[in-house]
Structures are given as structure tokens and as C-alpha cells.
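Below is one structure; the comments refer to it alone.
Readers should treat all values here as calculations from the given coordinates under stated rules, not as data from a laboratory. Note that the coordinates shown come from a computational prediction; the quantities given were computed from them, not determined experimentally. Cβ coordinates were reconstructed from backbone atoms using ideal geometry, including for glycine residues, and neighbour counts include every protein chain displayed.
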Amino acid sequence: MDETNLRILLMLSASPLSTWELARRLGTAESHVSERIKRLTNKGLVRSEGWVRLNGRNLKLYSATLRSIRVDFKPESLMLTLQREGAAKDTNIFLAPCMRYDPPKLRYKVVGRRAERGVIGGSSGPSL
């Protein structure tokens, strides 16, 4: 499961769409979306809704078979819990490492108040 598959599932959860419309919304090739839809269908996460004729084209519509998608934020990963229609149990998918926060490296030396006062002329004032 990656970001693109998750975006596809979220869009298909809202309404049935064709691979052509998904590709347009994702800004990618329709063949790329078709391959992803095929994999998601094999996993039972997407189903075919049948064919429609739109703007002179025959388009197959797909929808997600999910009742809910839950995202749990873990220290260095995400866990998706997908609840499918009619499934006896939830599907847990770990996305790790997905998010990792490393503090930025400082490019300057941090100085204390006394050193600052010395640099700006030793002004007299309350010491901190």
C-alpha cells in the first residue's frame, strides 16, 4: 500500500470512477491506474460496478469495497486499518517507515545570555 493506492481507495470510496477519471485526477497514465486497480481488485479492496457510456467512450466503473479507513500514527510508521464490506475482520496494513522526524541540524552556534551581552558591549542589566 502506498500513497497512490490510498488516494485511489479514498476517491473510489466517495463515488464510482473509471480508470480514465482516476488517471486524470492523479495526473498519471491510465495504464498505470489500471494495473493498480487490478491489484486492489485481487485483494478484495475494489470491485467493478459495470460499464457506462460517457462522452462517446465505454468506461468501466470501479468502487471501493470499504466501509471505513482508519489511520493510526505510530512513532515511526503509520498503520492503516481497512474495514471491508462483509468481511469478518479488519485488514491491518503497516506503512513503515513512512514518517520520520529528524530535528534540523543547526548551522550556527547557540550562545547563552552572558556571551551575548559580552558581544554587544557588556550592557548592564539584570542577569538571566
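Key figures for this structure:
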| read-out | value |
| --- | --- |
| Highest-first arrangement of 36-49, 76-89, where packing means the average Cβ count within 10 Å | 36-49, 76-89 |
| Per-pair calculated FRET efficiency, R0 = 41 Å: Glu30 and Thr91 via Cβ, rounded to 0.05 | 0.95 |
| Once the Cα gyration tensor of the stretch 3-64 is diagonalised, semi-axes √(5λ) in Å | 17, 13, 10 |
| Cα-projected label distance for Arg57 with Arg114, points at 7 Å along beta-carbon direction, nm | 7.2 |
